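Peer 1: Sharing a structure, written as structure tokens. Questions coming.
No value in this document is a laboratory result; all are computed from the given coordinates. What you are looking at is a predicted structure, and each value in this text was computed from that prediction instead of being measured. Because the Cβ atoms are built from the backbone with ideal geometry, glycine has one as well, and the counts that use them run over all protein chains shown.
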Amino acid sequence: MSQKMINGAQGMLEVFAEEGVDVIFGYPGGSVIPIYDALYDSQIRNILPRHEQGAAHAADGYARSTGRVGVCMATSGPGALNLVTGLANAYMDSVPMVAITGQVKRNLIGKDSFQEADTTGVTIPVTKHNYLVTNPAELVDICREAFYLARTGRPGPVLVDVPFDVSIGEVPWTERNIEGLDGYEEPQPVDDELIRQAAQMIEEAKRPILMIGGGVVASGAAEKLIELATKCNLGVIHTLMGKGAFPESHELSMGMPGMHGMAYASTALQNSDLMIVIGARFDDRITGDLEKFAPGAQVIHIDIDAAEIAKLRPVKVGICADAGAALEKLVAACKSRDKGPWEQQLFEWRRTHPLSYPMPDEGIAPQYIVEQLYELTGGSAIIATEVGQNQMWAAQYYKLEKPRRFLSSGGLGTMGYGFPAAIGAQVGNPDDLVVDIAGDGSIQMNQQELTTATINKLPVKVVILNNSYLGMVRQWQELFFDNRLSGVDLTGNPDFARMAEAHGGVGLRCAEPDKVRETLEQGLEVKDKPVFMDFVVNKEENVFPFIPAGKSVDDIMMEQPKQEK
Amino acid sequence: MTHTLSALVKNRPRVLARVAGLFARRDFNIESLAVSTTEDAAVSRMTIAVDASGTPLEQVRKQLEKLHDVVTVIDHTEHAVVERELCMIKVKVKASQRAEVAALVEIFRGDIIDIGNGALIVQCVGNSDKIDAFIENFADYGIIELVRTGKVVLARGSQKT
């Protein structure tokens, strides 16, 4: 029987088409030229970033905001290695991505050939799985498997390394059949007995609380979550990754806990007797000192990754399942529950310990800018963030009602993530307002992508909270290192507004509090090109509340210590 | 305490690197690792002795199972298993000591497998405790070099390995 043969690169694009891929964020080079040659005749669009790291983060932002698998591509050697941070970022935050990398010809592998790097070796620790295609007969199936692994179970990035001679050569075309992969942990059906036990624990608890994370977003379980929360009148705490999975304007929304979370959220967790944790993983930024974290609480932990259950915190009931499937059964199994004294206490804490910030004598309060952005947009924007103070102020002051609208490097903490992620999100959501809340440090890490945004007419808005410092490190140095500021002064920053203009975008600058709103309004109006809004903020503003690393809520700092200044 | 995990892994390039890398980056402590072919050409068996004092064994097992190239992982802590390890020791032995060494080897049901100039190579097969004892008994003669395979196990009866 003769098998249908197809050009390797075309075979890959056929698989992409099967998977519904409409865009690739990719940068060409010698060993991926065959794939770019096939793209020449393809309906699939290639967005050309200006650095491969931008490609990886853009694919990530596209994936987080749309729920589809994001695809990035780079050539062998330096191109592939420039994807590594983006892959690690996606891996830590469980983002479905497929990365295609070119590799030198098979007979040159291992010979220190030009632009050769051991891409699969380097990326084992930062991918869900990876492949080096050494047998052309496997190329088509491997590409299918890559998408399947990326989007099923706990999502994550999968890399396929394709030697030049494989993509330019002929490969057999096979029909689609990827279910039931040997060795792959398929999501298990929800265990009814464990659901029954969980429902009973919720019924018997005096001080129950829900803590939800990125797993609820990934699962598309937001509506089921609202059902459970309202049926049982449970306060809902979200992690950074879970932001938007539960409407923040909802009466039962109890905010974000942890290092820079709301004091009422951390206090609520700490005093609970039952934590129902769904799609969250007890990150150290949430728990601080694990030994002191919510010592009186029993735990129901629902996670699709069995290895997360009891990894850090012992559980009473651990349910390894998709969040949506588990929530559906849990809603059905739980009896309705009225609000009681515990919920009144939660609301009281929320009322008496709201987020607050001082209006500075000089400059603009950065929190005020985020608040104004929230008010102007009615919470409807897709928000990307960089990493540092800007990220925490965005999480604190921009409230969201829907999932997949907060794109932030939660696990890896990658400065330079937000801008390219916003570009990817804008590509995937052309009709939405996409805003990157940035710092002056972070924005310089991938500022080259301004060109990408301009050329593709992507009206991404970047709000730069410019304090001429690496603000979060400066804050730690001030509070814990006797204010010995070392390596954090960014005096000499470029003129960001003019930089945007030089790249064909719109640049605005604002240094006065009473101009904040009009600057934002002016920037948000732009429909066909990127906008940098450079806000000169109070240089020494710190993020509060602040639970120092490794401490507990007992050590929370609510505001600037008086004696320090 | 040492536990034994038996993992069936796909016979693919880098699978050893994936497993070893996982142990390294998660700070799991491997005491020994033996890799071999099996009755099925598509899979290999890894027998892994793990020191679980730092990380709960359950966590080690679950992380291993997440690797796509790992097909099954079985924890043999609660199982009746047959455990074997092979050890060879090159030991300094004068001609006059050969008889007593031969007797010692016999006690352990081992073998003398090479006789050279002033040195013998002795071999012993058994569980890890027996191998430890075997080595200890040769310490006084002067061990020149030794090698152990790391243990392999098979579960008894109908229990799968």
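Peer 1: What Kirkwood radius, in Å to one decimal, follows from the Cα pairs of the protein assembly as shown? Could you put the intermediate results ahead of the total?
Peer 2: Values: mean 1/r = 0.0354 Å⁻¹.
That comes to 28.2 Å for the protein assembly as shown.
Peer 1: Taking the Cα centre of chain A as the origin and placing charges on Cβ (Lys, Arg +1; Asp, Glu -1), which of A:Val23, A:Val317, A:Phe164 is farthest toward the positive end of the dipole?
Peer 2: Among A:Val23, A:Val317, A:Phe164, the one farthest towards the positive end of the dipole of chain A is A:Val317.
Peer 1: When A:Trp393, A:Trp476 are ordered from fewest to most other Cβ atoms inside 10 Å of their Cβ, what list results?
Peer 2: Numbers: A:Trp393 28, A:Trp476 16.
Ordered by Cβ neighbours within 10 Å, fewest first: A:Trp476, A:Trp393.
Peer 1: Taking the Cβ of A:Leu225 as the center, what net charge do the other residues with Cβ under 15 Å away carry, scoring Lys and Arg +1 and Asp and Glu -1? Before the final figure, lay out the partial values.
Peer 2: Numbers: positive: A:Lys224, A:Lys231, A:Lys243, A:Lys329, A:Lys402, A:Arg404; negative: A:Glu223, A:Glu227, A:Glu248, A:Glu251, A:Asp303, A:Asp322, A:Glu328, A:Glu401.
Result for the local shell: -2.
Peer 1: Test of the criteria: in the stretch A:439-487, which trypsin sites (Lys or Arg not before Pro) are in a DSSP loop and have at most 10 other Cβ atoms within 10 angstrom of their Cβ?
Peer 2: Details: sites: A:Lys457, A:Lys461, A:Arg474, A:Arg484; in loops: A:Lys457, A:Arg484.
Those that pass, being in a loop and sparsely packed, are A:Arg484.
Peer 1: Using the Kirkwood formula on the Cα atoms of the stretch A:59-133, what hydrodynamic radius do you get, in angstrom to one decimal?
Peer 2: About 12.8 Å, per the Kirkwood formula over Cα pairs.
Peer 1: In nm², what is the average projected area of the convex hull enclosing the Cα atoms of the stretch A:321-445? Could you put the intermediate results ahead of the total?
Peer 2: On the way: hull surface 45.5 nm².
For the stretch A:321-445, the mean projected area of the Cα convex hull comes to 11.4 nm².
Peer 1: A follow-up question, please. Test of understanding: express the Cα radius of gyration of the stretch A:192-352 as a ratio to 2.2 N^0.38 Å, with N the residue count.
Peer 2: Normalised Rg, Cα atoms only: 0.91.
Peer 1: Is there a quick way to get the dipole size of the protein assembly as shown? I mean about its Cα centre, with the Cβ of Lys and Arg at +1 and of Asp and Glu at -1; what is the value in debye to the nearest 20?
Peer 2: 620
Peer 1: Quick one: what Rg and Dmax do you get for the stretch B:57-161 from the alpha carbons, in Å?
Peer 2: Over the stretch B:57-161's Cα set, Rg and Dmax evaluate to 18.3, 57 Å.
Peer 1: A further question on this structure: Let me spell out the model: positive unit charges on the Cβ of Lys and Arg, negative unit charges on the Cβ of Asp and Glu, origin at the Cα centre of the stretch B:81-154. What dipole size does that give, in debye rounded to 20? Walk me through the intermediate numbers first.
Peer 2: Details: 9 positive and 11 negative charges, 32 e Å.
For this selection, approximately 160 debye.
Peer 1: Another question about this same structure. Rounded to the nearest 5, what is the percent of antiparallel bridges among the DSSP beta bridges in the protein assembly as shown? Walk me through the numbers on the way to the answer.
Peer 2: Numbers: 48 of 111 bridges.
Percentage antiparallel, nearest 5: 45.
Peer 1: For chain A, what does the relative contact order come out to in percent, with C-alpha contacts under 8 Å and a separation of six or more? Intermediate values should be presented prior to the final figure.
Peer 2: Working: 1306 pairs, mean separation 77.8, N = 565.
So the answer I get is 14 percent.
Peer 1: Here is a follow-up. Calculate for chain A the 222 nm mean residue ellipticity that helices alone would give, adding -39,500 (n - 2.57) per DSSP H run of length 4 or more and normalising by residue count, nearest 500 deg cm²/dmol.
Peer 2: -10000 deg cm²/dmol
Peer 1: Let me ask another. Where Rh denotes the Kirkwood radius from the mean inverse Cα pair distance, what is Rg over Rh for the stretch A:1-100?
Peer 2: On the way: Rg = 13.7 Å, Rh = 13.8 Å.
A ratio of 0.99.
Peer 1: Just name one of A:Asn446, A:Gln522, A:Leu373: the one whose Cα is farthest towards the positive end of the charge dipole of the protein assembly as shown (beta-carbon charges, Lys/Arg +1, Asp/Glu -1).
Peer 2: Toward the positive end, the furthest listed residue is A:Asn446.
Peer 1: How long are the semi-axes of the ellipsoid equivalent to the stretch A:5-172, from square roots of 5 times the Cα gyration tensor eigenvalues, in whole Å, largest first?
Peer 2: On the way: eigenvalues 88, 62, 44 Å².
Listed largest to smallest, the semi-axes of the stretch A:5-172 are 21, 18, 15 Å.
Peer 1: Something else about it: Counting alpha carbon pairs within less than 8 Å and at least 6 residues apart, what relative contact order, in whole percent, applies to the stretch B:81-154? Display every interim value, and only then the final one.
Peer 2: Numbers: 127 pairs, mean separation 38.4, N = 74.
Normalised by residue count, the contact order of the stretch B:81-154 is 52 percent.
Peer 1: Choose one of A:Val216, A:Trp342, A:Phe293: the residue whose Cα lies farthest towards the positive end of the charge dipole of the stretch A:192-352 (beta-carbon charges +1 Lys, Arg; -1 Asp, Glu; about the Cα centre).
Peer 2: Toward the positive end, the furthest listed residue is A:Trp342.
Peer 1: Based only on other Cβ atoms within 10 Å, what is the fewest-to-most ordering of B:Val93, A:Val71?
Peer 2: Listing B:Val93, A:Val71 from fewest to most nearby Cβ atoms yields B:Val93, A:Val71.
Peer 1: While we're here: From the mean inverse distance of alpha carbon pairs (Kirkwood) and the Cα radius of gyration, derive Rg over Rh for the stretch B:2-75. Can you show the working numbers first?
Peer 2: On the way: Rg = 11.3 Å, Rh = 12.1 Å.
With Rg and the Kirkwood Rh in hand, the quotient comes to 0.93.
Peer 1: How are the alpha carbon pair distances in the stretch A:281-344 distributed across 5 Å bins from zero to the largest one, expressed in percent?
Peer 2: Here the calculated profile for the stretch A:281-344 is 4, 15, 19, 21, 19, 16, 6, 0.
Peer 1: Filter the GluC sites (Glu not before Pro) in the stretch A:278-376 to those in DSSP coil with at most 16 other Cβ atoms within 10 Å of their Cβ, and list the result.
Peer 2: Values: sites: A:Glu291, A:Glu308, A:Glu328, A:Glu343, A:Glu348, A:Glu362, A:Glu371, A:Glu375; in loops: A:Glu362.
For GluC sites (Glu not before Pro) across the stretch A:278-376 that sit outside H, G, I, E and B with at most 16 neighbouring Cβ atoms in 10 Å, the list reads A:Glu362.
Peer 1: How would you rank A:Glu116, A:Glu512, B:Glu31, A:Glu175, going from fewest to most other Cβ atoms within 10 Å of each one's own Cβ?
Peer 2: A:Glu175, A:Glu512, B:Glu31, A:Glu116
Peer 1: Report the dimensions of the stretch A:211-262 along its three principal axes from the alpha-carbon atoms, largest first, rounded to Å.
Peer 2: 30, 23, 15
Peer 1: With θ taken as phi - 60° and the coefficients 6.51, -1.76 and 1.60, list the Karplus ³J(HN,Hα) couplings across the stretch A:273-284 in order, rounded to whole Hz; mark glycine and proline as x.
Peer 2: Each residue's phi maps through the Karplus curve to give 10, 8, 9, 9, 9, 10, x, 9, 10, 6, 4, 5 Hz.
Peer 1: A further question on this structure: So if the hydrodynamic radius of the stretch A:386-506 is defined as the Kirkwood radius over C-alpha pairs, what does Stokes-Einstein give as its diffusion coefficient at 20 °C and 1.002 mPa s, in µm² per second? Don't skip to the end; give the middle numbers.
Peer 2: Numbers: Rh = 15.2 Å.
Value of D from the Cα-based Kirkwood radius: 141 µm²/s.
Peer 1: Which whole-number percent of Cα pairs in the stretch A:489-552 have a distance greater than 15 Å? Each step should come with its number before you reach the end.
Peer 2: On the way: 1263 of 2016 pairs.
Distances greater than 15 Å cover 63 percent of the Cα pairs.
Peer 1: With +1 on each Lys and Arg Cβ and -1 on each Asp and Glu Cβ, and nothing else charged, work out how big the dipole of the stretch A:34-102 is about its Cα centre, in Debye to the nearest 20. Don't skip to the answer; put the middle values down first.
Peer 2: Working: 4 positive and 5 negative charges, 32 e Å.
It comes to approximately 160 debye.
Peer 1: Okay, next question. Pick out, in residue order, every one of the trypsin sites (Lys or Arg not before Pro) in the stretch A:191-298 that is DSSP loop and has at most 12 other C-beta atoms within 10 Å; say none if there are none.
Peer 2: Details: sites: A:Arg196, A:Lys206, A:Lys224, A:Lys231, A:Lys243, A:Arg281, A:Arg285, A:Lys292; in loops: A:Lys206, A:Lys243, A:Arg281.
Listed in order of number, the matching sites are A:Lys206.
Peer 1: So what is the relative contact order for the stretch A:5-172, in percent, with contacts set as C-alpha pairs under 8 Å and at least six apart? Before the final figure, lay out the partial values.
Peer 2: Working: 373 pairs, mean separation 47.4, N = 168.
Once divided by the residue count of the stretch A:5-172, the mean separation gives 28 percent.
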